[in-house]
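Here is the structure we will look at.
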Amino acid sequence: MSFYLQIMNHLSYRFLMPIRLPQNKADDWIYAFNKEFSFWLDNFHMLGRFQYLKLNEVREKFKNDTWFTHKNRCPYLYEIVGYINWEWWTNNDNEFEDKKSMLLEWLAFSNGFIIRLDIQQFFDPITILKYPLEDVQFRYGFEQGQVFLKNVSTDYLDDLKSKVLNVLAKKGIDICFSEKYSTGRNELYIFESIPEGALDYETIEFWGFDIRAANCDSWKTFINK
């Protein structure tokens, strides 16, 4: 047993995820993690166990660790209000897709990042991304909208749309976003026609959720072993 697992007392699981949410949304979500629970797949196969931990509980034990002092530079994130602590029931590779699906849902909702307490490493999926601007023309552009942050400052989406409109304006294209044609996925989808080739070689950089990183082999090893 590792040194960290010996000193953690009830904080006994290897995986930890901070919750970076506005307090009103965090309260409802935290309620579900108030006690230690198991989580199951649809076929009633047990995937693991988890618990909710308060900020001061984690600070007391890990305040000097690198991952605890990590602060994402994204200006749209809320402060950490608590943590989810969990452990997988098995390390079966066949369960990786189920684990990944669940973690991506947790990460996208909480704007958190994953910490491995046993090896003192962490993975933060929120970073600056670069995508072809032509994705605004497709309903399923920007990875079906999965790269956009949720539960963040209201300025986030406004700033994204302003970036797009500024590029279009410089090209003499006068177009606005319409909620009527929003897909609920690609929040930057533009229904109106854009002149062919106008966005060729144009890119947009923005703070987002690096969904591609979750499909690499190193991430599989990080969350599954």
Restricting the range 50-64 to residues that are touching a residue at least 12 places away in the same chain (Cβ under 8 Å) and over 15 Å from residue 14 (Cα atoms), the residue that is surrounded by the fewest Cβ atoms within 10 Å (Cβ to Cβ): 54
Residue check, residue 199 surrounded by 12 or more Cβ atoms within 10 Å (Cβ to Cβ) and assigned to a helix (DSSP H, G or I): no
Odd one out for residue 105 among (1) within 24 Å of residue 58 (Cβ to Cβ); (2) surrounded by 14 or more Cβ atoms within 10 Å (Cβ to Cβ); (3) at pLDDT below 90: (2)
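So, of the residues in the range 22-65 that are basic (Lys, Arg) and at pLDDT 60 or above, which turns out to be nearest to residue 117 (Cα to Cα)?
61
Small (Gly, Ala, Ser) and under 16 Å from residue 17 (Cβ atoms): is that true of residue 145 in this structure? Before the answer, list the steps.
Numbers: small (Gly, Ala, Ser): yes; under 16 Å from residue 17 (Cβ atoms): no.
When the stated conditions are applied, residue 145 does not pass them.
The values are calculated or read from the model by the stated rules, or taken from the named source; none is laboratory data. Worth saying up front: this structure is predicted, and the values here are computed from it rather than measured. As a convention, Cβ positions derive from the backbone with ideal geometry for all residues, glycine included, and neighbour counts pool all protein chains shown.
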